[in-house]
Amino acid sequence: MPTETPTYFSKLPTALNGHGGEVLKPADCRYLNYEGEFAVVIGKPCRNVTPDEAWEHMLGFAPALDMGLQDFRDTDQGSMLRVKGGDGMLPIGPGVVSGINIFEQTLRTWRNGELVQEANIGEELIWGPHYMVADIARHITLLPGDVILTGTPCHSRSLEVGDTVEVEISGLGCCASRVVAAPAPRASALGVGHAPTDSAEVRRVALGCDERVPQRFKDGYRRAATKERKA
């Protein structure tokens, strides 16, 4: 069992978005990052359960895109409220699937048809969904419809307006979303709130660290997989 525990950040209900939905990139932000993940959807009220019992409270799983405006990482460090909680920042779907072994599935993320993330869930997931549910439910009651995101493989990168991003999980399906331009908030022009930043820490997260990227992505594997998918 891991000696550490996951760190959790909250998204608001208004962050929910559907398969095929649009994600807004405000004009004053540069770094809108994708994170391909699988989501756990709670099916029965859940509190004070063991990891073994947690499975009984899950309705199923769904592909999800954990989108984030990394420009606010400096100002919201520790809460990620504006980073992760913006309207439409959680595309999920197209449906909820039950009855599969999630540890036997493979997750792939595509940007404009190019493979950018890939992981065998059973091999690379640090904490299983049963562990996460039991951890959160120690002090918080989970209700039907609650969604828990489970983490992303490395190689999250920033998206541009017009980009399409998809997370495809074997056994679950594919959730796609398109990035569209949005104006800067009106209150920002009046000096309300913290302005987006472009610090070294923001760029480190938004633009990634090549040392963590699997070698296969550097050797042309990504291009080969992309070409094969298009064929």
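The values are calculated or read from the model by the stated rules, or taken from the named source; none is laboratory data. Only a predicted model underlies this, so the values are computations on that prediction, with no experimental measurement involved. Methodologically, a virtual Cβ is constructed for each residue, glycine included, from the backbone with ideal geometry; neighbour enumeration extends over all protein chains shown. Heads up: the accessible areas ignore ligands, DNA and RNA and are worked out on the full protein's heavy atoms, side chains in. Shrake-Rupley method; radii C 1.70, N 1.55, O 1.52, S 1.80 Å.
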Could you tell me which numbered condition residue 164 fails, if it satisfies all but one of (1) open to solvent by less than 30 Å² (accessible area, probe 1.4 Å); (2) farther than 26 Å from residue 8 by Cβ; (3) among the β-branched types (Val, Ile, Thr)?
-> (1)
Check residue 205 against each of (1) assigned to a helix (DSSP H, G or I); (2) closer than 21 Å to residue 121 by Cα and name the one condition it does not meet.
-> (2)
Test: residue 26 is surrounded by 15 or more Cβ atoms within 10 Å (Cβ to Cβ), in contact with a His (Cβ under 6 Å, 6 or more places away or on another chain) and not hydrophobic (A, V, I, L, M, F, W, C) = no
Looking at region 186-198, is at least one residue under 21 Å from residue 34 (Cα atoms), assigned to a helix (DSSP H, G or I), at pLDDT 75 or above and touching a Gly at 6+ places or on another chain (Cβ under 9 Å)?
-> no
Among the residues of region 124-151, count how many are among the acidic types (Asp, Glu) and at pLDDT below 95.
-> 1
Count, please, the residues in region 67-111 that happen to be open to solvent by 10 Å² or more (accessible area, probe 1.4 Å), polar (S, T, N, Q) and in contact with a strand residue (DSSP E or B) (Cβ under 9 Å, 6 or more places away or on another chain).
-> 3
Residue identified as within 21 Å of residue 180 (Cα to Cα), charged (D, E, K, R) and open to solvent by 20 Å² or more (accessible area, probe 1.4 Å) among 114, 123 = 114
